[in-house]
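Since the structure comes first, as structure tokens, the remarks are kept for the end.
The values are calculated or read from the model by the stated rules, or taken from the named source; none is laboratory data. Keep in mind that this is a model prediction, so the values were computed, not measured. Glycine also receives a Cβ, built like all others from the backbone with ideal geometry; neighbour counts cover every protein chain displayed.
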Amino acid sequence: MKFALAGAFVALLLAACGGPATPAPTGETPAAATPAAPAGIPASMTGPAAGKWKVEVSAGGIAIPPNEICYAKQMTIEEAQKMQQQSGMTCADQTYAADGKTGHSVCTLEGMTIITDFAVTGDFNTAYTMQMSSSMDPAPAGMPQPSTTTIKMERLGECDPATSP
């Protein structure tokens, strides 16, 4: 099951950095500039809006029970990549469309290479769906190659103390 969820884990990290940022309202100065994004990654890419989100994941034909998570703030691409590194994942290739709605990555996690292509529909402020196709090498026994993962995210409102970050 651990390897079956590896693709979903990659997807959640990608989901955290998937779309264009909302510009600051007129007359306000944006927060300090963020460092330039690595080549192939649009500098404007950010993830889901801050708040409480319902997450539904179906990976390798297995539906995982819905979960609720809380994003204290909208994550930048740099923060998502730091989370990947802290989890032990390294990515040699990450390319995205200018709008962040499609992409390709080649990452390694615990000696396994994971090649992923994804497409996102919806928006990162209210609801979106990410469809992914992933191949793993070495492939876990019994896992289809490529495997398909679907992540559905729906913003439920503001965070509350009962929802884990």
So which strands (runs of 3 or more DSSP E) stay within segment 101-165 end to end and still have 1 or more residues that are more than 12 Å from the chain's Cα centre (by Cα) and of a type in the set (Val, Ile, Thr)? 102-109, 112-123, 147-157
Long-range neighbours under 7 Å by Cβ, at least six apart or interchain, first residue modelled with pLDDT under 50 within segment 36-61, second acidic (Asp, Glu) and part of a loop (DSSP other than H, G, I, E, B): none
List pairs: first residue in segment 65-77 and under 20 Å from residue 150 (Cα atoms) and among the polar types (S, T, N, Q), second residue in a strand (DSSP E or B) and modelled with pLDDT of 90 or more anywhere in the structure, Cβ distance under 6 angstrom, at least six positions apart or on different chains. 67/55
Checking the conditions here, which among 162, 127, 141 is closer than 19 Å to residue 55 by Cα, of a type outside the set (S, T, N, Q) and free of Cβ contacts under 8 Å to residues at least 24 places away in the same chain? 162
Of those in segment 153-165 that are surrounded by fewer than 17 Cβ atoms within 10 Å (Cβ to Cβ) and under 28 Å from residue 108 (Cα atoms), the residue modelled with the highest pLDDT is 165
Would it be correct to say that residue 90 is at pLDDT 50 or above, among the hydroxyl-bearing types (Ser, Thr, Tyr) and at negative phi? yes
Selection from segment 82-114 of residues over 25 Å from residue 140 (Cβ atoms) and either of a type in the set (A, V, I, L, M, F, W, C) or buried (at least 19 other Cβ atoms within 10 Å of the Cβ) (or both) yields 96, 97, 98, 100, 101
